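Just so it is clear, none of the values below were taken in a lab; they were calculated from the coordinates. Because the structure is a prediction, the values reported are computed rather than measured. Positions of Cβ are backbone-derived with ideal geometry, glycine not excepted, and every protein chain shown enters the neighbour counts.
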Amino acid sequence: MKKSMRRIKVIAFTFVFMLVFASSAFAAISLAYPQKVGLGEPFLVRVTSDKTLDSVTAKWLGTKVSPEIRTWKGKNISLVMFGTDVLADKAGKKELVITVVENGKKRKFSRKVKVYTKKYKTQRLTLPEKMVTPPKEVSARIQNDRVEVKAAKQTQSAERMWFVPFSRPTKGSQSSPYGARRILNGKPKNPHRGLDFRGAKGAKIRAMADGKVILVANHYYAGNCVYLDHGNGVVTLYFHLSQFDVKEGDRVERGQIIGRVGSTGRVTGPHLHMSVSVQGRLVDPRFLLEKSTDKLLGL
């Protein structure tokens, strides 16, 4: 009887040891990401390892990103931001692929994230007809604007300078929300892919995170605009300014004044239109102003 008990104890100990060993062997890398997100929402993906991470590559909706790797409390961590665009993307299960090289060994993880449809309000606005249907003589200008905007939105710099939540760009209250379906002079147009803030002409506009000024321009629709690169594919856009307080190439700090509220471009009055581009997709800025890292990771 005693021998049987000893044998049972040995087997039990061996089994527990094997579980612990297996757990430690496969727990070197952990992934955090949301199981589901709404169409138009940004989200975060975090890779954590207690071993050396040589590189991390994340792929979402055909876009590959190599996010910066940092050390925190003895662990190696890489954080990347993704999202969907209410105009460009559709609901459904989408593949998230993480490739990690750890101590020279490559590991690949494939996960599914459910993107669900959200209801957005409809806005009916009346504007000068030339701003709804531009005259032919400005078509070349608009095309050039689009080339500049595309290049700015696709900026991929190695250093991650952002953290969430972002700071508010101005003191004014929010007005037109992200995703609102626009009816301009009775004609259906693309949904609003930014967030508007009320403000008197000349009110201060501040950088939402540390970054670098990559574009200062006057565009047909956006008017006077500033684009800030915050690293790892995250870019913020500020439209309709009355004044610039920065120039291209400047490094800016979170909360630094970059311009003033105005009414340049396609507007009905003074306000700030602010957008956030994540890997080239315009996402809902409200989530980055209000959500913590854990919330955006789905934790």
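Structural remarks
- Eligible lysines near LYS51 by straight Cα distance, threshold 17 Å, same-chain separation 8 or greater: LYS73, LYS75, LYS105, LYS106, LYS108
- Note: the chain, Cα convex hull, 161 Å³ per residue.
- Summed side-chain charge close to HIS271 - residues other than HIS271 whose Cβ falls under 13 Å, Lys, Arg +1, Asp, Glu -1: +4
- Beta bridge orientation in the chain: antiparallel %, DSSP, nearest 5: 90
- Ranked list, fewest to most other Cβ atoms within 10 Å of each Cβ, for GLU68, GLU102, GLU137, GLU129: GLU137, GLU129, GLU68, GLU102
- Here each label is just a point 7 Å from Cα along the line to Cβ, and for ARG141 and GLN174 those points are 3.3 nm apart.
- Ordered by the count of other Cβ atoms within 10 Å of each Cβ, fewest first, THR155, THR126, THR84, THR293 give THR126, THR293, THR155, THR84.
- Euclidean distance of C-alpha centroids, the range 217-232 and the range 240-299, integer Å: 9
- Of PRO42, PRO270, PRO67, the residue with the greatest mean-square motion in the GNM of the chain, using alpha carbon springs below 10 Å, is PRO270.
- Per-residue Cβ neighbour rank within 10 angstrom, fewest leading, TRP72, TRP162, TRP60: TRP72, TRP162, TRP60
- Set of lysines near LYS189 by C-alpha distance (under 22 Å), chain-local residues within fewer than 8 positions excluded: LYS90, LYS118, LYS119, LYS121, LYS130, LYS136, LYS150, LYS153
- Formal net charge of residues neighbouring SER242 (Cβ-Cβ distance under 9 Å; K, R +1; D, E -1): +2
- In this simple spin-label model, placing a label point 7 Å from the Cα along the Cα-to-Cβ direction at both SER167 and LEU31 gives a separation of 3.5 nm.
- CD proxy at 222 nm, helix term only [per DSSP H run n ≥ 4: -39500 (n - 2.57); per residue of the chain; nearest 500]: -5500 deg cm²/dmol
- When the Cα positions of THR155, ASN190, ILE77 are compared along the charge dipole of the chain, ILE77 comes out farthest toward the positive end, with charges on each C-beta of Lys, Arg, Asp and Glu.
- Segment LYS75-LYS51, length gained on full extension (0.36 nm per residue, minus Cα span): 7.9 nm
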